[in-house]
Amino acid sequence: MDIEILGISVLWIFLFGYVIIASIDFGAGFFNAYSLITKKNHILSKVIKRYLSPVWEITNVFLVFFFVGIVGFFPQTAYYYGTILLVPASVALILLAIRGSYYAFESYSTLRGHKGYAFAYGIAGLFIPAAFSVILTISEGGFVTIQDAGPKLDYPALFTSTLSWSIVALSVTAVLYISAVFLTWYAKKAGDSDASDLMRKYALIWGIPLIVSAIGIILEFRAEKHWHYENMLDISWLFIISGTLFLATYWLLWRKAKYGLAVILLILQFAAAFFAYGFSHYPYLLYPHLTIHDSFTNQAMAISLVVVFIAGLCLLIPSLYLVFKLFIFNKGYLSGDDETHV
């Protein structure tokens, strides 16, 4: 395996970890806010806050690793994306800061239970993936021109593109679906059947727009005869596996059976789709201007980064395992007997 492919593969694993963990976090915040609006917070709030309390501080570790790694492995991404992502990335960072601050105020201050904090936390959780999804749209090409002053992003074309809004819709629905499926299982593990049934209902609802938006993006690529569509055809079997796993997950939810297995199938579903997207996007980081080959760092730096990132992954996975074992799925914590915040 080429060192370039190994480097981008390690980064893609970190990004996938962030997508799954952050989606549960973002969606949980939204459902908590929604339950306050619909006056169903007596059903959901306890379960959601019990999950959020131990994990909200560690969610962004994967994201930090990814951004540090992408610049370390592919230094030219700083030149191409540094300018064109100034607005969307700044918005995302501001939302992350707002979200973290509001959760801290809502959870640890004397204003615990403040509806405004919960609402801001939940809405920010939907805008963050929408802001980050712009990067995927830009990477598809057609929105960046290279001028004497550097890369320039065509904002009118970006905001009027149906592809751009389709990817935003996919990112938001994916967040809500992933979170709803996980929280359905988590509430069931906690013995809270009312919360589990309500989250199951949300999962079934958000599963439909998720699959519709995913199919819509593929059809749009096909209609435009997009370069990415030809690559997707070469590994269409991975997308078929992802779709099959979606149907299996949805069927388990519909049958109210084996929610734990449904979560596993959900993760495998998104893993298949996520890595299929990455493979089909190869070798471009920004079509047609930037590939992983012409922007790669030197060999010594690459080997050092790979070693450091694999070591970091080996530390993060056991750490997450301990958090889930000692807190998230601890019997006393699940049942609500131990309400201590981490």
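The values are calculated or read from the model by the stated rules, or taken from the named source; none is laboratory data. Because the structure is predicted, anything quoted here is derived from the model rather than measured. As a convention, Cβ positions derive from the backbone with ideal geometry for all residues, glycine included, and neighbour counts pool all protein chains shown.
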Checklist entry - Restricting attention to the stretch 147-194, and to residues there that are among the charged types (D, E, K, R) and in contact with a strand residue (DSSP E or B) (Cβ under 8 Å, 6 or more places away or on another chain), which single residue is surrounded by the fewest Cβ atoms within 10 Å (Cβ to Cβ)? => result K152
Next on the checklist: Pairs needed: first member in the stretch 23-40, on the phi < 0 side of the Ramachandran plot; second member anywhere, assigned to a loop (DSSP other than H, G, I, E, B) and modelled with pLDDT under 85; C-beta distance under 7 Å; at least 6 residues apart or different chains.
Outcome noted: D25/W56; D25/T59
Checklist outcome for this item: Checked the stretch 222-269 for anything of a type outside the set (K, R) and not in a helix (DSSP H, G or I); matches are H226, I235, A257
Checklist entry - Here are some conditions: (1) under 15 Å from the mean Cα position of the chain (by Cα); (2) modelled with pLDDT of 90 or more. A124 meets all but one. Which one does it not meet? => result (2)
Checklist outcome for this item: Reported set for the stretch 122-151 where residues are under 23 Å from Y282 (Cα atoms), outside any helix (DSSP H, G or I) and not aromatic (F, W, Y) is E140, G141, G142, V144, T145, I146, P151
Checklist entry - Among the candidates Y202, Y229, which residue alone is free of Cβ contacts under 8 Å to residues at least 40 places away in the same chain and buried (at least 16 other Cβ atoms within 10 Å of the Cβ)? => result Y229
Checklist entry - So which residues in the stretch 257-271 are surrounded by fewer than 18 Cβ atoms within 10 Å (Cβ to Cβ) and not β-branched (V, I, T)? => result A257, K258, G260, L261, L268
Item to check | Evaluation of L265 against (1) more than 29 Å from V10 (Cβ to Cβ); (2) touching a Ser or Thr at 6+ places or on another chain (Cβ under 8 Å) (one fails), failing number | outcome: (1)
Checklist entry - Between residues in the stretch 156-168 that are part of a helix (DSSP H, G or I) and residues that are among the aromatic types (F, W, Y), which pairs lie under 6 Å by C-beta distance while being six or more apart or on different chains? => result A157/F143; L158/F143
Next on the checklist: Restricting to the stretch 284-342, and then to whatever is closer than 30 Å to L153 by Cα and at pLDDT below 85, can you tell me which residue is surrounded by the most Cβ atoms within 10 Å (Cβ to Cβ)?
Outcome noted: S295
Checklist entry - Which condition number in (1) of a type in the set (A, V, I, L, M); (2) modelled with pLDDT of 90 or more; (3) under 22 Å from Y284 (Cβ atoms); (4) exposed (fewer than 13 other Cβ atoms within 10 Å of the Cβ) is the one that I208 fails? => result (3)
Item to check | Subset of the stretch 250-279 that is free of Cβ contacts under 8 Å to residues at least 12 places away in the same chain and of a type in the set (D, E, K, R) - its residue that is farthest from V181 (Cα to Cα) | outcome: R255
Checklist entry - Just a yes or no: is a residue in the stretch 178-190 aliphatic (A, V, I, L, M), more than 17 Å from the chain's Cα centre (by Cα) and in a helix (DSSP H, G or I)? => result yes
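Quick check on the stretch 206-226: of everything there that is aliphatic (A, V, I, L, M) and without any contact (Cβ under 8 Å) to a residue 12 or more places away in the chain, which residue is farthest from F270 (Cα to Cα)? Don't jump to the end; show me each part of the working.
At the first step, the residues of the stretch 206-226 found to be aliphatic (A, V, I, L, M) are 208, 210-212, 214-215, 217-219, 223.
Filter again for without any contact (Cβ under 8 Å) to a residue 12 or more places away in the chain, leaving 208, 212, 215, 219, 223.
On the way: I208: 15, V212: 15, I215: 14, L219: 19, A223: 24 Å.
That would be A223.
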Next on the checklist: Take the residues in the stretch 50-79 that are in contact with a Ser or Thr (Cβ under 8 Å, 6 or more places away or on another chain) and at pLDDT 85 or above; name whichever of them is farthest from P288 (Cα to Cα).
Outcome noted: G72
Next on the checklist: Name the residue that is farthest from V91 (Cα to Cα), counting only residues in the stretch 114-146 that are among the hydroxyl-bearing types (S, T, Y) and touching a strand residue (DSSP E or B) at 6+ places or on another chain (Cβ under 8 Å).
Outcome noted: T145
Item to check | Search result, residues across the stretch 10-47 that are over 17 Å from V172 (Cα atoms) and touching a Gly at 6+ places or on another chain (Cβ under 8 Å) | outcome: V10, L11, W12, F14, K46
